[in-house]
Amino acid sequence: MELLPLVCLCLLSCSGETSAAGDGVKVVVEEDSDAVLPCSPSNKEDMTGKLFDWKKDGQKEVFMYDSGIHYNNGRPGQDELFKGRVSHFQDQLKNGNASIKIHNTKMADSGNYSCDFPRLQPRQTFNIELVVGQVLRDRTGENIPGAAPRPIINILKMTKDWILLQCEAHGSPPLTVEWKDRAGYTLDAEERKESERGGRSYITVKITVTKTDNYSCVATQKDISHQIAAVIPMHIQA
């Protein structure tokens, strides 16, 4: 009767940021962070003079270690996506730790990974799923085709009680444009016009503001994780 609590305690304390996913492990991180993919042979034997091979989706070479020779010290064959971005835990090999760390994760890193020990008897293979969460950010410097440039804000009319603002944005669809206040709350648009020309969306959004604040026009393209904003401070005299 005491076995179950002990097993549960081990699962909780050893899982860290991972969770069970079928017969493997699921690791969830945000884009641009580092991801540790855990792996050890069942008997935890010393891997210093052994071979282990990491692959993504069954074919892309992620990291291979063979008796001290690996992709970071001269071994060829690593997929271009992972060059210079994957490391192992050299000081923990003696404890059977064949885990790897993927640095500066990208959305494209999401997928199914396998950790294989082909020379062990019997051969052992472990499966790990990596999910890289989307981070919306300004990607105009990444030369992504169709990424929206910074929106243009115009003051159309101003009184002592209110100001009419207009925001113009364009980029490859799908594109959304919305107004936000300094606290980040989305404001109801007064008028919205949308058109499409040459494979690009052109959106104009008008809004009337009645209080002093910083107002942002935010253009978002979730499919390429791109978000860019223009900000205008407004002072209402009343």
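A few notes on this one:
- The residues on offer are TYR215, TYR202, TYR185, and the sole one that is without any contact (Cβ under 8 Å) to a residue 24 or more places away in the chain, over 22 Å from the mean Cα position of the chain (by Cα) and not assigned by TED's automatic domain parsing to the domain that holds PRO38 is TYR185.
- Segment 172-208, subset among the aromatic types (Phe, Trp, Tyr) and farther than 19 Å from ILE144 by Cα, residue surrounded by the most Cβ atoms within 10 Å (Cβ to Cβ): TRP179
- Segment 40-133 holds strands (runs of 3 or more DSSP E) entirely within its bounds, and those carrying 1 or more residues that are small (Gly, Ala, Ser) map to 86-88, 111-117, 124-133.
- Of the criteria (1) loosely packed, with under 15 Cβ neighbours inside 10 Å; (2) modelled with pLDDT of 95 or more; (3) not in a loop (DSSP other than H, G, I, E, B), which one GLY141 fails: (2)
- Search result, residues across segment 156-171 that are touching a residue at least 12 places away in the same chain (Cβ under 8 Å), surrounded by fewer than 18 Cβ atoms within 10 Å (Cβ to Cβ) and either under 29 Å from THR105 (Cα atoms) or of a type in the set (A, V, I, L, M) (or both): LEU156, LEU164
The values are calculated or read from the model by the stated rules, or taken from the named source; none is laboratory data. From a predicted model like this one, the values you see are computed outputs, not experimental measurements. Note: ideal-geometry Cβ built from the backbone for every residue, glycine included; neighbour counts use all protein chains shown.
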